[in-house]
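Participant: Structure below; questions to follow.
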């Protein structure tokens, strides 16, 4: 009988992985693993990370967050942040397996990469950034200067390190390589993280195009003029559907471009990784461990000739025809107004916050629990909250965790009771200049 299932899996993993792939046996964590009294251990380290991410509340909330804009209350087919995450993971695993990298690590990073995404997609991220960067100080901001701004990658790391509550300690206690991949997605942390970054670009462009075709935002004829689709039609020849409705063509384009672009990444990366490994004389994981930090540049995962140009052309088309324009501007305004309005209301009056946020304030700020304060003391304590940058960051945590529907409903509720003042025309003009 093997020493343990995990040990046997680690030996098998080490045998089949490329010398520059990260090994589960070498994984480290900030905290010891929790002792749950298990007699057997069936999972590798990064498999355990994947499972912790999937069971997190932040992961479940992704299904009610839009990729861009605002997710409608009832939507059967349009992608959301959860389906986007699953498509990124699928593309990344395909690439990782072909390159004999650590699929479990790739999947963990992919599943967690959007956990810090606030409501309303990039519009919500921009709204929180101007509040926490000092850009709105004197015009609705906290007035505390630059607090480091806001980015979804840094927020995702806060989610897995601090905000999720499933154990006696804060956070999920993920492996350091998983955390590094979440925070530095696409940079020089690991080759697995680079794969996830490329997969996120590919999956985003492909599902945005597919959604636009299915929703009749763009026509098949104009999509067929794109360089990537022209290349696809040339490769398929008579197998490309010349007739048929929008649905048939949209599916053919999505399948074909997925294969075309993923193949381009795999073939290009095999060549670039072989050259890179040869240049650094990487003949095994021990050598890779010695030179990893100084040798990795973030450009080891690449494209076959012309592949990235096809993707850039597709991304430019989507920016021009789908992600910009009057509807995108309307969504941007709605999202910005909701985020800024909620922040202003909570910042002015902490009693509007949920109990769990006030309990976190008590824990992290060292203050008394708000609900226990006599009413005569609350305004003085509210001023203390407003002067503490940690409270501003807690408000950003709360706002970024909201789903699209909840943020809109909460904004409408607070607006109705007068907790969110209607902005004046002058305030609106000043906001537009930031």
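The values are calculated or read from the model by the stated rules, or taken from the named source; none is laboratory data. What you see is a predicted model, and the numbers here were worked out from it, not measured in a lab. Note that each Cβ is placed from the backbone with ideal geometry, even for glycine, and that neighbours are counted across all protein chains shown.
Participant: Condition first: under 30 Å from residue 287 (Cα atoms), touching a helix residue (DSSP H, G or I) at 6+ places or on another chain (Cβ under 8 Å) and modelled with pLDDT of 90 or more. Can you find one or more residues in the range 51-62 that meet it? It would help to see each step written out before you state the result.
Facilitator: So the first thing to find is which residues in the range 51-62 are under 30 Å from residue 287 (Cα atoms), and the list is none.
No, the range 51-62 contains no residue that is under 30 Å from residue 287 (Cα atoms), touching a helix residue (DSSP H, G or I) at 6+ places or on another chain (Cβ under 8 Å) and modelled with pLDDT of 90 or more.
Participant: Any idea how many residues of the range 363-378 are under 28 Å from residue 151 (Cβ atoms) and either touching a residue at least 24 places away in the same chain (Cβ under 8 Å) or surrounded by 14 or more Cβ atoms within 10 Å (Cβ to Cβ) (or both)? Steps first, please.
Facilitator: Here is the first cut: in the range 363-378, the residues under 28 Å from residue 151 (Cβ atoms) are 363-367.
From what is left, the residues that are either touching a residue at least 24 places away in the same chain (Cβ under 8 Å) or surrounded by 14 or more Cβ atoms within 10 Å (Cβ to Cβ) (or both) are 364-365, 367.
Qualifying residue count for the region: 3.
Participant: Could you list, in sequence order, the residues of the range 379-397 that are surrounded by 17 or more Cβ atoms within 10 Å (Cβ to Cβ) and outside any helix (DSSP H, G or I)?
Facilitator: Of everything in the range 379-397, just one residue is surrounded by 17 or more Cβ atoms within 10 Å (Cβ to Cβ) and outside any helix (DSSP H, G or I), namely 388.
Participant: Of the residues that make up the range 242-252, is at least one surrounded by 19 or more Cβ atoms within 10 Å (Cβ to Cβ) and out of contact with any helix residue (DSSP H, G or I) (no Cβ under 6 Å at 6 or more places or on another chain)?
Facilitator: yes
Participant: Considering only helices (runs of 4 or more DSSP H) fully contained in the range 214-286, which possess at least 3 residues that are closer than 19 Å to residue 94 by Cβ and under 30 Å from the mean Cα position of the chain (by Cα)? Quick ask: steps written out before the conclusion?
Facilitator: Numbers: elements: 220-223, 227-236, 246-279.
Hits in the range 214-286: 246-279.
Participant: Sticking with this one: Against the conditions (1) crowded, with 20+ Cβ neighbours inside 10 Å; (2) on the phi < 0 side of the Ramachandran plot, where does residue 171 fall short? Just the number, please.
Facilitator: Unmet for residue 171, out of (1) crowded, with 20+ Cβ neighbours inside 10 Å; (2) on the phi < 0 side of the Ramachandran plot: (2).
Participant: So for the range 298-309 (the condition being farther than 26 Å from residue 181 by Cα, under 28 Å from the mean Cα position of the chain (by Cα) and in the same structural domain as residue 95 (by TED's automatic domain parsing)), does at least one residue qualify? Break it down into steps so the answer makes sense when it comes.
Facilitator: Of all residues in the range 298-309, those farther than 26 Å from residue 181 by Cα come to 305-306.
Adding the requirement that they be under 28 Å from the mean Cα position of the chain (by Cα) leaves 306.
Checking which are in the same structural domain as residue 95 (by TED's automatic domain parsing) leaves us with 306.
Yes, because at least one residue in the range 298-309 is farther than 26 Å from residue 181 by Cα, under 28 Å from the mean Cα position of the chain (by Cα) and in the same structural domain as residue 95 (by TED's automatic domain parsing).
Participant: A further question follows. Check residue 251 against each of (1) under 30 Å from residue 139 (Cβ atoms); (2) at pLDDT below 95 and name the one condition it does not meet.
Facilitator: Of everything listed in (1) under 30 Å from residue 139 (Cβ atoms); (2) at pLDDT below 95, residue 251 misses just condition (1).
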